[in-house]
Amino acid sequence: VREGAFVLLFGFIGVKPEVATAISLSWFISIATGSLLGLVEYIRHKKEAL
């Protein structure tokens, strides 16, 4: 769904579907990476608090 939305919305401004899909996947990877780093810190600090 996310990639379809990116393709549709970026299509309105003339971006090719392949490029819009790549942008969507890059965005997902960057968000997932940041979230995983936050999870590691959360678990690390949670163990210290116990």
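Each reported figure results from applying straightforward, stated rules to the coordinates on display, with no laboratory input. The structure displayed is predicted, hence computed values, not measured ones. Because the Cβ atoms are built from the backbone with ideal geometry, glycine has one as well, and the counts that use them run over all protein chains shown.
With a sphere of radius 14 Å drawn around the Cβ of Ser24, what net charge do the other residues whose Cβ falls strictly inside it have (Lys, Arg +1; Asp, Glu -1)?
Taking every Cβ under 14 Å from that of Ser24, the sum is 0.
Would you tally the net charge around Val7, using a Cβ to Cβ cut-off of less than 13 Å, leaving Val7 out, and scoring K and R as +1, D and E as -1?
So the environment of Val7 carries a net charge of 0.
Compute the Cα gyration tensor for the chain, then decide on rounded, prolate or oblate, letting a ≥ b ≥ c be the square roots of its eigenvalues: rounded whenever a/c is under 1.5, prolate when a/b is larger than b/c in the other cases, and oblate in all that remain.
Since a/c reaches 1.5 and a/b is larger than b/c, the shape of the chain is classed as prolate.
Using the Karplus curve 6.51 cos²θ - 1.76 cosθ + 1.60 with θ = phi - 60°, work out ³J(HN,Hα) for each residue of segment 18-32 in order, rounded to whole Hz, and write x for Gly and Pro.
Working through the residues one at a time gives 5, 5, 4, 5, 5, 4, 4, 5, 5, 4, 4, 5, 5, 5, 5 Hz.
Rank-order 12-23, 37-48 by packing density, defined as the average count of other C-beta atoms within 10 Å over each peptide's residues, highest first.
So the order, starting with the most tightly packed, is 12-23, 37-48.
Taking θ = phi - 60°, what integer Hz values does the Karplus form 6.51 cos²θ - 1.76 cosθ + 1.60 yield along segment 33-41, in sequence order, with x for Gly and Pro?
Couplings: 4, x, 5, 5, 5, x, 5, 4, 5 Hz.
Please determine, in degrees from 0 to 90 and to the nearest 10, the orientation of helix 2-11 with respect to the longest principal axis defined by the Cα atoms of the chain, where the helix direction is its Cα long axis.
Taking Cα atoms only, the helix is inclined about 40 degrees.
Calculate the FRET efficiency for Leu36 and Val1 from the Cβ-Cβ distance with a Förster distance of 25 Å, rounded to the nearest 0.05.
With R0 = 25 Å, the Cβ-Cβ based efficiency is 0.70.
Multiply the residue separation of Ile43 and Leu9 by 0.36 nm, subtract the distance between their alpha-carbon atoms, and state the gained length in nm to one decimal.
Contour length minus Cα-Cα distance gives 8.5 nm.
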